[in-house]
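The values are calculated or read from the model by the stated rules, or taken from the named source; none is laboratory data. Just so it is clear, the structure is predicted and the values come from calculations on it, not from any experiment. Please note: Cβ atoms are built from the backbone with ideal geometry, for glycine as well, and neighbour counts cover all protein chains shown. What goes into the accessible areas is simple: the full protein's heavy atoms, side chains included, and nothing from ligands, DNA or RNA. Shrake-Rupley method; radii C 1.70, N 1.55, O 1.52, S 1.80 Å.
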Amino acid sequence: VELSCIIKSTVTPDPRIEWKKIRDGETSYVFFENKMQGDFVTRAEILSRTSLVIKNTTRMDTATYRCEVAAPSDTKTIDEINIQLTVQ
């Protein structure tokens, strides 16, 4: 599955991008400090700097995924998008 977090424009040369998984009120890192975290290390990757690709998804991956972008040089310094993923 591919979850897209599209950055339209930014003046910050290298904005910080993080992906988090929110499930049952618990938040965990998926992509933090430019690397995959936890069980995503072996089955996920970042495409085009922003899109999260999760391979071999299972029902345990059902959650809300949050993409957070921090661009300190921009007028809007931080933004986020939540994507609800349901694996049948």
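Overview of results
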item: ³J(HN,Hα), Karplus 6.51/-1.76/1.60, whole Hz, each residue of the range 55-62, x for Gly, Pro; result: 9, 6, 5, 10, 4, 5, 7, 4
item: Relative contact order (%) - criterion: Cα under 8 Å, at least six apart; region: the chain; result: 34
item: Share of carbon and sulfur in the accessible heavy-atom surface of the chain [1.4 Å probe, %]; result: 49
item: Amide hydrogen neighbours beyond the local backbone of CYS5, cut-off 5 Å, H modeled; result: SER51, LEU52
item: Two-site label geometry, SER48 and LYS35: point separation in nm, points 7 Å out along Cα→Cβ; result: 2.7
item: Anisotropy class of the chain from Cα gyration tensor, a/c 1.5 cut; result: prolate
item: Charged-residue dipole, Cβ positions (Lys, Arg, Asp, Glu), the chain about Cα centre, Debye nearest 20; result: 160
item: Extension gain, GLU80 back to THR27 (0.36 nm per residue minus Cα-Cα distance, nm); result: 17.6 nm
